[in-house]
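To start, the structure under review is shown below, and the notes come after it.
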Amino acid sequence: MVGQCGRTQGRYADEYAARYKKLQVKSCTRPPAAKARGHGHRPSGQRYKGYSMKISCAMRGAGARLLAAFSLILPLGWAGLAHAGAYPERPIKIIVPFTPGGTSDVLARTLAEQMTLDLGQPVVVENRPGAGSALGTGVAARSAPDGYTLLMGSSSALAVNPALQDDLPYDATRSFMPISLVAGIQNILLVNPSLPVKNVQELIAYGKTRKLFYGSAGTGSSPHMSAELFESMAGIEMTHVPFKGGPQAVSEVVAGRVDLIFDNMPTAAAMVKSGQLRGLAVTGAHGSPMVPEIPTVASQGLPGYDVTVWYGLVAPAGTPPAIVDMLSKETAKILAREDVRQKLVAIGTEPQSMTPAAFGEFMSGERTKWAQVIQKAGIRTAAR
């Protein structure tokens, strides 16, 4: 639309310049009689009048050329102001596709609070739970790509679910523009203390001689995917016991009716410190500051094992790159603040920002990894 406007204004400016040129010829050409008489026969007043006329004509010609030039430049200037310099001009909304109080909600509200102070416009969080995370994610995908609606996306919505479900109301690859990673959170491999294993290798050996049962918060959940990748890399088979939520699954492991679970860091760390469950390993590429005494799965005989539940900021596809870049830099600035980092580490997350390009590449790799795991395990599910 801006391009069409620019071409239209340019055409009118050309016509205006042509008409102005004709007017110049009519008004700035000396009468034939004056030409014949020359300067020697012209009264002194007329001589100065002619000199003034030349200056006026030159200025008119320059004015026409400037008008034509401005007609081409101004649309570009307006577009730049609308997409970057003037943004934001009204409140920004961050959609969280989960209920209030969860990790993604805390992350979004932390960013919103800081952005409100930095950008001079209110940044509000809107919780849109439902169908796993598909409802809110779909709403964000269909929003206007103007920078005023963002999504706190997650690994489940943007990397795992696309391989699990065919009927999602969004396309994880095409519906969004990456802004920045915000934080990751590891799981802990937990077992009932009565299970005669103290590390990952002992668990694998035990699983090759006896049937193991593992719990999860449901098909496609992070605990489920962590266990599926573990099975695949360890070369053992375990039986999946899905529950309606994480707390119920953990309770069954504590009761001894289920052998193990991969659970999110805050809850899992508390269970380890209380002695109710034994922590064998953390699932990330490095140890966790929340439980520094627990080694990684990868360091215990399964190199390359890396599962991190991640959250990141994305915008609807088509959002101006200048706005995306500005929001990415703003996110990085916020996550570098020590008070913000301490707050996020306290809830078990590891703050980390990325450029839009790096975050896009990261998400692509995650989608590929989980698609392979899900295909190998033969898991499919309908949208919830």
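Observations on the model:
- Ranked by how many other beta carbons lie within 10 Å on average, peptides 149-157, 201-209 from highest: 149-157, 201-209
- Least to most buried among Val254, Val124, Val200 (fewest other Cβ within 10 Å first): Val124, Val254, Val200
- Kirkwood hydrodynamic radius computed over the stretch 291-384 comes to 16.4 Å, based on all pairs of distinct alpha carbons.
- A Cβ-based charge dipole, computed about the Cα centre of the stretch 186-282 with Lys and Arg at +1 and Asp and Glu at -1, lands at about 220 debye.
- Debye log10 I(q)/I(0) at q = 0.19 Å⁻¹ for the stretch 129-189, Cα point scatterers: -0.73
- Antiparallel DSSP beta bridges within the stretch 186-282, percent to nearest 5: 55
- Kirkwood Rh, Cα atoms: Rg over Rh of the stretch 186-282: 0.91
- For the stretch 268-338, the average shadow cast by the Cα convex hull is 7.3 nm², which is a quarter of the hull's surface.
- Counting all C-alpha pairs of the stretch 124-251, share separated by more than 22 Å (%): 48
- As an equivalent ellipsoid, the stretch 207-264 spans semi-axes of 18, 14, 8 angstrom, where each value is the square root of five times an eigenvalue of the C-alpha gyration tensor, largest first.
- Neighbour counting of Cβ atoms within 10 Å sorts the residues Arg174, Arg257, fewest neighbours leading, into Arg174, Arg257.
- Of Lys343/Lys369; Lys211/Lys369; Lys273/Lys369; Lys273/Lys343, pairs whose Cα-Cα distance is over 23 Å: Lys343/Lys369; Lys211/Lys369; Lys273/Lys369
- Mean Cβ count within 10 Å, highest first, over the residues of peptides 365-375, 137-147, 341-351, 310-320: 310-320, 137-147, 341-351, 365-375
- Residue (of Gly360, Gln372, Gln276) at the positive-pole extreme of the stretch 258-384, dipole from beta-carbon charges: Gln372
- Taking the fewest neighbouring Cβ atoms within 10 Å as the starting point, the ordered list for Met233, Met363, Met177 is Met233, Met177, Met363.
- Only Lys, Arg (+1) and Asp, Glu (-1) charged, at Cβ; the stretch 283-374 dipole about Cα centre in debye: 120
- Considering only Thr219, Ser175, Leu203, and ranking their Cα positions along the charge dipole of the stretch 142-271 that arises from unit charges at the beta-carbon of Lys, Arg, Asp and Glu, the one farthest toward the positive end is Leu203.
Every number here is computed from the coordinates shown, using simple stated rules; none is lab data. Just so we're clear, the structure is a prediction, and the values are computed from it rather than from any experiment. Quick reminder, even Gly has a Cβ in these numbers, built from the backbone with ideal geometry, and neighbours come from all protein chains shown.
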